[in-house]
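Contents: one structure, followed by commentary.
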Number of protein chains: 2
Amino acid sequence: MFDNETLSLLKNHRSVRKYTDQPIAQPIMDQILEAGMRGSNTGNMQIYSVVVTRDAQRKKELAQFHFNQPMVSSAAAVITVCIDINRWNKWCRQRNADPGYDNLLWLLTGTVDATIVSQNICIAAEAAGLGICYLGTVLYNAPEIAQYLNLPKGVVPVTTITMGYPAENPQQSDRLPLGGIVHYEQYNDPAPEQIDQIFSEKENLPQTKELIKQNGTENLAQIFTTKRYTKADNIVISDKLDKYLRDSGFLK
Amino acid sequence: MFDNETLSLLKNHRSVRKYTDQPIAQPIMDQILEAGMRGSNTGNMQIYSVVVTRDAQRKKELAQFHFNQPMVSSAAAVITVCIDINRWNKWCRQRNADPGYDNLLWLLTGTVDATIVSQNICIAAEAAGLGICYLGTVLYNAPEIAQYLNLPKGVVPVTTITMGYPAENPQQSDRLPLGGIVHYEQYNDPAPEQIDQIFSEKENLPQTKELIKQNGTENLAQIFTTKRYTKADNIVISDKLDKYLRDSGFLK
């Protein structure tokens, strides 16, 4: 067994969506961003960029592309982490080298590398007493966000983090049992009764039952498929993302 | 300013590729994996799975798909982190709900979520005194790795981490200056002289000069484009990945 400050920090994570109006001092922001960049990355190429939005007016404008979720305007900083092959390509071309990174392999490689930066930023921020929340909506309106942040071709936003000093102390969210997620040696494709078992605790939480009542669905799964992330919406957003990633050169 | 154990851990990261033969005790492994799952994830759907390879023979076999990099066989554990919509889809269908997550939006969402798990696992492992190394090669041979680990449709490997007690203490690798990566309010598209400036320190490192001599190229950029990650290779691997992700249902 081991137990230390870092393990506790990881295990105590909860997303924080309400912030005080205290700004983040620049030396603290610099430490957080430096820690972000120390994560592993492919070939030490650092094919990512980080765009920090702090201006009050610009936070409000950016919030529009995140469905006006209130944490965007109220956060001390909104951090958009992007794949960036623009800087790398420019460097290559200035050095008489012919880059070939505008393709699917580097879309996924860049998404992984940018997310490692993002998660390091989040952990460093929490270590500084800040609260963070990821916004999946960055992928819904990636082309609009790219235009708003002045991202050139080859720079694609993949995660957005809101960050600020916490004005709430939310309950920790549930997780599926480890045995449902972790497989030793080979993937164990769950049989129907194993699926029931894996999701049983989640389905029986009082807040789940409350949620089902509010949504008027038969069960929790239907809240996801008919309300939160419907197939129809997913297809529309995927088509939009597909077009954007073709224009960006990553998909052909 | 702030300074604490977690910040130091993040800022002192280096990839460790040589390991002692000490195994990782199960309670420590459990803590690491639990910490991995505590990271933020989209809708708390946990659309990821973690496959742990510890058996000596299976590590050797898995190493083949990672170009026989020696850290795969010598690691105490090789952890393949996957997007997993298979478990989620099965649950939805058992609950009379129609899932729609086999598309581009959820390929990228799943890649982000799986990478957050991966990075939390790495940080927890380092907090336990272990060393880790990411293997980008997982994307090169994703279909072969999927078959070897018995991954069904809807389960796609996105990162691989080797992990063990360190038998080396490598030098920390360089990073580009923060100013080259971080943009405030709007992306600052670097002019040619800014590109020179951003890459100057890296290009002038003694180890860079040594590497250029060994590779017989004009400069560092050409090592990447003509030796390490060539356009021709990137296209071949992207085509393979494209076919695999179509078969997996994530790309159409």
* Any hit, the range A:184-202, residues being over 19 Å from B:Ala114 (Cβ atoms), in contact with a His (Cβ under 9 Å, 6 or more places away or on another chain) and not acidic (Asp, Glu) -> no
* Determine if the range A:60-80 includes at least one residue that is charged (D, E, K, R), out of contact with any Gly (no Cβ under 6 Å at 6 or more places or on another chain) and at the interface with chain B (Cβ under 7 Å from one of its Cβ atoms). => no
* Filter the range A:1-36 down to residues that are in a loop (DSSP other than H, G, I, E, B) and hydroxyl-bearing (Ser, Thr, Tyr) and give me whichever is surrounded by the fewest Cβ atoms within 10 Å (Cβ to Cβ). => A:Thr20
* Is it true that B:Thr20 is over 16 Å from the mean Cα position of the chain (by Cα), of a type in the set (Val, Ile, Thr), farther than 17 Å from A:Gly179 by Cβ and at the interface with chain A (Cβ under 7 Å from one of its Cβ atoms)? -> no
* Residue among A:Leu105, A:Leu139, A:Leu135 that alone is at the interface with another protein chain (Cβ under 9 Å from one of its Cβ atoms) and either more than 25 Å from B:Pro190 (Cβ to Cβ) or charged (D, E, K, R) (or both) -> A:Leu139
* Would you be able to say whether some residue in the range B:48-58 is more than 8 Å from chain A (Cβ to nearest Cβ) and surrounded by fewer than 21 Cβ atoms within 10 Å (Cβ to Cβ)? => yes
* To do: For the range B:37-47, enumerate the residues that are within 9 Å of another protein chain (Cβ to nearest Cβ) and in contact with a strand residue (DSSP E or B) (Cβ under 7 Å, 6 or more places away or on another chain).
  => B:Ser40
* Within the group B:Asn141, B:Asn169, which residue is out of contact with any Gly (no Cβ under 8 Å at 6 or more places or on another chain) and under 23 Å from B:Gln57 (Cβ atoms)? -> B:Asn141
* Structure fact -> Residue pairs within 7 Å by beta carbon, gap of at least six or interchain, first lying in the range A:44-59 and without any contact (Cβ under 8 Å) to a residue 60 or more places away in the chain, second in a helix (DSSP H, G or I) and small (Gly, Ala, Ser), listed first then second, are A:Lys59/A:Ser73
* Asked: So B:Cys82 clears everything in (1) touching a Ser or Thr at 6+ places or on another chain (Cβ under 6 Å); (2) surrounded by 22 or more Cβ atoms within 10 Å (Cβ to Cβ); (3) farther than 20 Å from A:Ser118 by Cβ except one condition, right? Which one?
  -> (3)
* Among (1) more than 7 Å from every other protein chain (Cβ to nearest Cβ); (2) touching a residue at least 40 places away in the same chain (Cβ under 8 Å), which single condition is A:Gly129 missing? -> (2)
* Out of B:Asn68, B:Asn96, B:Asn41, which single residue is more than 15 Å from the chain's Cα centre (by Cα), under 19 Å from A:Leu176 (Cα atoms) and surrounded by fewer than 24 Cβ atoms within 10 Å (Cβ to Cβ)? -> B:Asn41
* Could we say that A:His13 is more than 10 Å from every other protein chain (Cβ to nearest Cβ) and either at pLDDT below 95 or in contact with a helix residue (DSSP H, G or I) (Cβ under 8 Å, 6 or more places away or on another chain) (or both) here? -> no
* Please state which one of B:Lys90, B:Lys59 is among the charged types (D, E, K, R), closer than 18 Å to A:Ser200 by Cα and at pLDDT 95 or above. => B:Lys90
* Do we find a residue being hydrophobic (A, V, I, L, M, F, W, C), in contact with a Pro (Cβ under 8 Å, 6 or more places away or on another chain), without any contact (Cβ under 8 Å) to a residue 40 or more places away in the chain and in a helix (DSSP H, G or I) anywhere in the range A:87-104? -> yes
* Filter the range A:145-178 for residues that are in contact with a helix residue (DSSP H, G or I) (Cβ under 7 Å, 6 or more places away or on another chain) and part of a helix (DSSP H, G or I); which is farthest from the other protein chains (Cβ to nearest Cβ)? -> A:Ile145
* Residue check, A:Leu62 under 28 Å from A:Ile235 (Cα atoms), among the aliphatic types (A, V, I, L, M) and in contact with a Cys (Cβ under 9 Å, 6 or more places away or on another chain) -> no
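The values are calculated or read from the model by the stated rules, or taken from the named source; none is laboratory data. This one's a predicted model, so the numbers in the text were calculated from it and none came from an experiment. Every residue, glycine as well, gets a Cβ built from its backbone with ideal geometry; the counts of neighbours run over all protein chains shown.
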